[in-house]
Amino acid sequence: MKIVGADVLITAPGRNYVTLKITTDEGLVGWGDATLNGRELAVASYLRDHICPQLIGRDAHQIEDTWQYLYKGAYWRRGPVTMTAIAAVDIALWDIKGKAAGLPVYQLLGGAARDGVMVYGHASGESLDEMLDDFAGYLDSGYRAVRAQCAIPGMDTVYGVHRGGAGLYEPASGHLPAEETWETGPYLRFAPRMLGAVRERFGFDVHLLHDVHHRLSPIEAGRLGKDLEEHRLFWMEDATPAEDQDAFRLIRQHTTTPLAVGEVFNSIWDCQQLITERLIDYIRTSVSHAGGISHLRKIFSLAELYGVRTGSHGAGDLSPVSFAAALHVDMAVPNFGIQEYMGHRAPAEEVFHTNWTFRNGLMHPGDAPGLGVEVDEDAAARFPYDPKFLPVNRRTDGSVHDW
Ligand code: CS2
Ligand code: MG
């Protein structure tokens, strides 16, 4: 089965998504997600200008060979743009293989290792009470796990609290990112109180997660982890800037709060030390930013060997195509931990028709052949690209800080 078409769609139904469409001579179509939030056009060009022409005429069934061809063949390896582009091809080819076999992708990956995939939702608020009410809403809808983020008293803006509509961290359209302010002291004092309030109101039966978004130094992270121990978090996410794998050794020495990291990683090399030295408990690499289903499976297999569980990134800037791909992988891997589910803003469902289901806190990708997501190209054309950026973060003295 030969590839006869490879086309890139850029659409913004609720937010920007870049989607790769691969067509075969047997009339099968596979979809891949190539969205890299705030740098969308770089991946679109990498695909259109460099990869798509190389795909024409290749055997659509040779997923691993195509992966190796694109990774090793380019000479310039890794990096978010390259690995997101390769991921899009890989995801689309798994979609095609499933459709050709008449099977959902999770069956091709070894079949269901569980009944469903436990997901966590995002509770947030501009005040403690607002966050707690939002949290209660997730419990009412059946969630077994919820992440809590809250505005810090005295600070203008803080990551994870979506103002002006759920599911977006990019405040404004335009050609310049917004700037936010941050100070570590107030956060370190407030976070234990905020997460303690969740335990006080809802008890310990719900899994509680929190994202630090790379903002602490290793010793600050150690202290926060220690302060949070009594609240028994499911995990503390991205405590320090993720590229410094060694930093986790120091955090580990100081706390038994479980550690998660990886949404900005794009290859197995970014987390090799973290996994093999057992410095983390959950690896959060995503299918669309870490080389697709083929590469993600290798990362998760390495993690399995060292007792590290999975917890894939599933923010709204990963399109429904990659969210579905994540669910298929989650269904099949033995060391699955949890899956983030932020959801997608309306009108995303006009463009992406999905098959997944949610029941009692568990999601299932559905049994349609392939990934179970179809893209309506006419609908996509109604939502043109809308340049947006993630915010830049500055401390109150004006210096740029990690985001
Ligand atoms: C995040 C993301 O979901 C998460 O845990 O940290 O929301 C992240 O900020 C965005 O995906 C960036 O595009
Ligand atoms: Mg995060």
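The values are calculated or read from the model by the stated rules, or taken from the named source; none is laboratory data. Fair warning: this is a prediction, and the values are worked out from it, not measured in the lab. Note that we place each Cβ from the backbone using ideal geometry, even for glycine, and neighbour counts take in every protein chain shown.
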Of all residues making up segment 323-376, the number that are polar (S, T, N, Q) and under 22 Å from A101 (Cβ atoms) | 3
A197 being out of contact with any Ser or Thr (no Cβ under 6 Å at 6 or more places or on another chain), assigned to a helix (DSSP H, G or I) and either modelled with pLDDT under 95 or surrounded by 15 or more Cβ atoms within 10 Å (Cβ to Cβ) (or both) | yes
Residues (assigned to a loop (DSSP other than H, G, I, E, B) and within 16 Å of ligand 1 (Cβ to nearest atom)) located in segment 330-355 | G337, I338, Y341, M342, G343, H344, R345
Collect the residues in segment 237-250 that are within 16 Å of ligand 2 (Cβ to nearest atom) and touching a Pro at 6+ places or on another chain (Cβ under 7 Å), keeping them in residue-number order.
-> T240
State which residue is farthest from V287 (Cα to Cα) when the search covers only segment 85-139 and only residues that are of a type in the set (D, E, K, R) and not in a helix (DSSP H, G or I).
-> E126
How many of the residues in segment 134-170 are farther than 23 Å from F389 by Cα and modelled with pLDDT of 95 or more?
-> 15
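Of all residues in segment 300-320, which are more than 16 Å from ligand 2 (Cβ to nearest atom) and surrounded by 24 or more Cβ atoms within 10 Å (Cβ to Cβ)?
Within segment 300-320, the first condition is being more than 16 Å from ligand 2 (Cβ to nearest atom), and the residues that meet it are 300-309, 319-320.
Passing the criteria: F300, A303, V308, S319, P320.
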Which residue pairs have Cβ atoms under 9 Å apart, sit 6 or more places apart or on different chains, and have a first residue in segment 130-141 that is within 14 Å of D205 (Cα to Cα) and a second that is of a type in the set (D, E, K, R)?
-> F135/R201; A136/R201
Find the residue count for segment 282-310, including only residues that are within 21 Å of L371 (Cα to Cα), assigned to a loop (DSSP other than H, G, I, E, B), touching a helix residue (DSSP H, G or I) at 6+ places or on another chain (Cβ under 9 Å) and not hydrophobic (A, V, I, L, M, F, W, C).
-> 5
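Of all residues in segment 381-400, which are more than 22 Å from the chain's Cα centre (by Cα) and not in a loop (DSSP other than H, G, I, E, B)?
The answer is A381, R394, R395, V400.
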Is one or more of the residues making up segment 43-64 within 24 Å of P387 (Cα to Cα) and within 16 Å of ligand 1 (Cβ to nearest atom)?
-> yes
All-but-one check, H213 against (1) touching a residue at least 60 places away in the same chain (Cβ under 8 Å); (2) part of a strand (DSSP E or B); (3) closer than 18 Å to I280 by Cβ, failing number (2)
Segment 49-60, residues that are touching a helix residue (DSSP H, G or I) at 6+ places or on another chain (Cβ under 7 Å) and surrounded by fewer than 16 Cβ atoms within 10 Å (Cβ to Cβ) = none
Inspect segment 222-240 for any residue being within 19 Å of K298 (Cβ to Cβ), among the charged types (D, E, K, R) and assigned to a loop (DSSP other than H, G, I, E, B) and give the result as yes or no.
-> no
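So for segment 356-366 (the condition being in a loop (DSSP other than H, G, I, E, B), within 30 Å of L176 (Cα to Cα) and either more than 16 Å from ligand 2 (Cβ to nearest atom) or not assigned by TED's automatic domain parsing to the domain that holds D90 (or both)), does at least one residue qualify?
First pass over segment 356-366, keeping only residues in a loop (DSSP other than H, G, I, E, B): 356, 360-361, 365-366.
Remaining after also requiring within 30 Å of L176 (Cα to Cα): none.
No; the residues of segment 356-366 include none that is in a loop (DSSP other than H, G, I, E, B), within 30 Å of L176 (Cα to Cα) and either more than 16 Å from ligand 2 (Cβ to nearest atom) or not assigned by TED's automatic domain parsing to the domain that holds D90 (or both).
Take L279 and decide whether it is part of a loop (DSSP other than H, G, I, E, B), at pLDDT 95 or above, more than 15 Å from ligand 2 (Cβ to nearest atom) and over 16 Å from the mean Cα position of the chain (by Cα).
yes
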Out of G38, G27, G5, G14, report the one residue that is part of a loop (DSSP other than H, G, I, E, B), touching a Lys or Arg at 6+ places or on another chain (Cβ under 8 Å) and surrounded by fewer than 20 Cβ atoms within 10 Å (Cβ to Cβ).
-> G38
